[in-house]
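In what follows, a structure is listed as structure tokens, so that the remarks can point back to it.
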Amino acid sequence: MRKGRAGKRDIALDPKYGSALVTQFISCLFRSGKRSVGETIFYDALDMVKARTGKEGKEVFEQAVENVKPIIQVRSRRVGGQTYQVPIEVRQDERLSLSFRWLIIYSKARGEKTMAQRLAGELVDASNGQGRAVQRREETHRMAEANRAFAHYRW
């Protein structure tokens with residue numbers, strides 16, 4: 001017997017900035033349960049961002065996440081033997097997780113030496129509306145716009 005959806009858990013605020021958003025990002029960043037490594041990478045990256053831009057690191061991070069969040073995406077839907085790419089609005093929590101994922105993926109793909117430097121570079125680019133993560137968002141929106149004719153197959 002199914003009992004429904006699991007409830008949302010309360011997120012602990014991070015020790016340095018007191019932000020739930022930062023805690024969630026660090027949780028996506030670390031691997032194999034090494035939270036301390038994820039925290040070190042993230043805080044070092046924000047220090048580098050502050051040195052590069054002169055702005056507060058947390059503000060740049062929040063702006064980058066906001067610039068990368070997708071509003072609409074396409075999902076495959078089979079109708080009568082045909083597969084259509086149907087544009088669908090993205091839920092708020094999914095927007096956040098997609099933006100985190102894209103920032104981390106494209107940070108790893110950069111050419112800098114350490115992960116903190118890569119993350120700092122991607123955050124600065126994304127906050128300025130550039131960078132691969134923002135391109136991915138634009139690409140997703142273009143796909144949804146191109147397939148707007150199939151919006152009536154939404155479920």
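The values are calculated or read from the model by the stated rules, or taken from the named source; none is laboratory data. In this text the structure is predicted, and so the values were computed from the model without any measurement. Because the Cβ atoms are built from the backbone with ideal geometry, glycine has one as well, and the counts that use them run over all protein chains shown. Protein only, heavy atoms only, side chains kept; ligands, DNA and RNA dropped before computing areas. Shrake-Rupley method; radii C 1.70, N 1.55, O 1.52, S 1.80 Å.
Quick notes on this structure:
- Rounded if a/c under 1.5, otherwise prolate or oblate - segment 73-136, Cα gyration tensor axes: prolate
- Accessible surface calculations at 1.4 Å, restricted to protein heavy atoms, place the chain at 63 Å² per residue.
- DSSP-assigned coil residues among trypsin sites (Lys or Arg not before Pro) in segment 31-119, each with at most 12 further Cβ atoms within 10 Å: 31, 34, 91, 113
- Inter-part distance, segment 65-84 to segment 110-138, computed on C-alpha centroids, equals 24 Å.
- Taken over segment 1-53, the ratio of Cα radius of gyration to 2.2 N^0.38 Å equals 1.49.
- Cα pair distances exceeding 16 angstrom across segment 99-146, given as percent: 36 percent
- Remark on segment 1-89: hydrodynamic radius 16.4 angstrom, per the Kirkwood mean of 1/r across alpha carbon pairs.
- Sorted largest first, the principal axis extents computed over the alpha-carbon atoms of the chain equal 55, 42, 24 Å.
- Helix 92-108 and the long axis of the chain differ in direction by around 60°, with both axes built from C-alpha atoms.
- Pairs of lysine residues in the chain - Cα separation under 27 Å, sequence separation of 8 or more or cross-chain: 28
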